[in-house]
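Read through the structure below, which is laid out as structure tokens, and then see the notes.
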Amino acid sequence: MKRLAAIFVFVLALSAAPSALAAGPFAWGPRALVDPPDGAHALRAVSCTTPHFCAAVDDAGNAVRSNNPTGGAAAWKLENIDGSNHLRAISCVPSLCVAGDQVGNVLTLSNPANLASAWSSPAAIDSGNIIIGLSCPTAALCVAVDNAGQVLTSTNPTGGASKWSSPALIDSGNILTAVSCPSAGFCAAVDNKGNSLTSTNPTGGAAAWTLHSAIDGTNDLEGISCPSASLCVAIRQTDFTETILTSTAPTVNGPWKSRKVEPANQFFTLFGISCPSKTLCVAADDNGDVLTSTNPTGGAAAWTRTPVDARWSFYAMSCSTLPLCAGVDQGGNVEVGHLLVPGTVLTGATIKPKLHKASFSFKANGIASGFQCELKHDKPGAKGSFSTCRSPKGYKNLKAGKYIFLVRAVNYSGADKTPAVKRFKI
């Protein structure tokens, strides 16, 4: 029923008049058909470990992976790994991928970036149940959740079924829809009834998990991403309002902060959320839109909507720590987001000629990992060099003369090619 509802909402969205939508900090596309034929297979989950590796699974027992995600369809390897079973979840670290299916199996892949490496046979760890969510913060810990409110863990995921714990009931009567473990010392999960569960010892059995009731009433929460134990971001699917929830204290009981990010008079549904850091979250919906925030705990205005997939609904999103994001859709396609080079804005300058001092403040437009500053004499042929700095940047003991201050924001994709400039005189 959920899948049919998603398709119905998607059709409604296509018939609606488009609204003006701002671009985010990523350049997306083009759409790559990695699981052909177009529309035959829905990619249900995706995991990107670095800008150079992503893997995804579909509802027909297939997996795709690439060590060049931006290389187009030809750069992705497609293989059937699980017969005709629906694969529902995948989680990867650089040395390992683990996938889960609708009949309680897990499959593992060591050295996944080597396209010659092979997936294991299915290992039955949760027979009769659906493994809906997986999170592997390291190759030595994987955590799975299922449709029966149970959690399963392994400290040796490649060791076969015997190396997984027995299912531990932590959420009786409910469906655990997603789990996120940023480290071996913290995991959080959400369910279809507005609850969350957390653990600082995820392998400790049912007693090691705490239920936090009604963090969002009784709404269906279908995704969670926690970049750390001090920030978790979840998505609601109940009422087609595209509500995003956040908590900076996820181990504490009580409602999470919520904001509705859907445009007026639309009926979209969020299907994926990925937060590689506390300053970047990316969500995707069944209208083919991507929502990005560099301040995820802010209000609705802190989330920027970008139309990305004009044909199909997104089902999942994953971003690597060095930001490259990949969304997968119901048509077997992957859309990759490339992090754009940030811009730079000079927000203030304090010049004190008598004290031979100058100070400058600045910020980035877009996503920046840092700044580089340069100070040189304002005359033809003057030389200088950029070095790492932060705002505010101060200079003292400046000799009399004319100067040029330059600052540029930088990130994984490079440095701003048009630095902010301030000329001044001492």
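The values are calculated or read from the model by the stated rules, or taken from the named source; none is laboratory data. Quantities reported herein were computed from a predicted structural model and do not represent experimental measurements. A quick note on method: Cβ atoms are made from the backbone with ideal geometry, for glycine too, and the neighbour counts reach across all protein chains shown.
Table for the structure above
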{"quantity": "Hits in region 103-124 (condition: part of a strand (DSSP E or B), under 22 Å from residue 315 (Cα atoms) and over 24 Å from the mean Cα position of the chain (by Cα))", "calculated": "105"}
{"quantity": "Odd one out for residue 359 among (1) part of a strand (DSSP E or B); (2) within 33 Å of the chain's Cα centre (by Cα); (3) of a type outside the set (D, E, K, R)", "calculated": "(2)"}
{"quantity": "Checklist (1) buried (at least 23 other Cβ atoms within 10 Å of the Cβ); (2) over 23 Å from residue 149 (Cα atoms); (3) over 20 Å from the mean Cα position of the chain (by Cα) applied to residue 263, failing item", "calculated": "(1)"}
{"quantity": "Within region 208-249, strands (runs of 3 or more DSSP E) holding 2 or more residues that are under 20 Å from residue 301 (Cα atoms)", "calculated": "231-236, 243-247"}
{"quantity": "Criterion (among the basic types (Lys, Arg) and in a strand (DSSP E or B)) met by exactly one of 383, 417, 376, 399", "calculated": "376"}
{"quantity": "Test: residue in region 188-196 that is out of contact with any His (no Cβ under 8 Å at 6 or more places or on another chain) and surrounded by fewer than 17 Cβ atoms within 10 Å (Cβ to Cβ)", "calculated": "no"}
{"quantity": "Selection count where residues are touching a residue at least 12 places away in the same chain (Cβ under 8 Å) and of a type in the set (Lys, Arg), scope region 334-381", "calculated": "4"}
{"quantity": "Region 125-184: number of residues that are in contact (Cβ under 8 Å) with a residue 24 or more places away in the chain and part of a loop (DSSP other than H, G, I, E, B)", "calculated": "21"}
{"quantity": "Sole exception among (1) out of contact with any Asp or Glu (no Cβ under 8 Å at 6 or more places or on another chain); (2) over 26 Å from residue 324 (Cβ atoms); (3) exposed (fewer than 13 other Cβ atoms within 10 Å of the Cβ); (4) among the charged types (D, E, K, R) for residue 390, by number", "calculated": "(2)"}
{"quantity": "Residue that is farthest from the chain's Cα centre (by Cα) [pool: residues in region 289-308 that are surrounded by fewer than 22 Cβ atoms within 10 Å (Cβ to Cβ) and assigned to a strand (DSSP E or B)]", "calculated": "307"}
{"quantity": "Conditions (1) free of Cβ contacts under 8 Å to residues at least 40 places away in the same chain; (2) more than 29 Å from residue 263 (Cα to Cα); number of the one not met by residue 298", "calculated": "(2)"}
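To keep it simple, each residue is scored yes or no on (1) buried (at least 17 other Cβ atoms within 10 Å of the Cβ); (2) among the polar types (S, T, N, Q); (3) in contact with a strand residue (DSSP E or B) (Cβ under 6 Å, 6 or more places away or on another chain).
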site: 321; (1), (2), (3): no, yes, yes
site: 335; (1), (2), (3): yes, no, yes
site: 346; (1), (2), (3): yes, no, yes
site: 350; (1), (2), (3): no, yes, yes
site: 354; (1), (2), (3): no, no, no
site: 371; (1), (2), (3): yes, no, yes
site: 374; (1), (2), (3): yes, no, yes
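Residues checked against (1) within 25 Å of residue 336 (Cα to Cα); (2) modelled with pLDDT of 95 or more:
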| position | (1), (2) |
| --- | --- |
| 229 | no, yes |
| 233 | yes, yes |
| 239 | no, no |
| 263 | yes, no |
| 285 | yes, yes |
| 294 | yes, no |
| 301 | yes, yes |
| 308 | yes, yes |
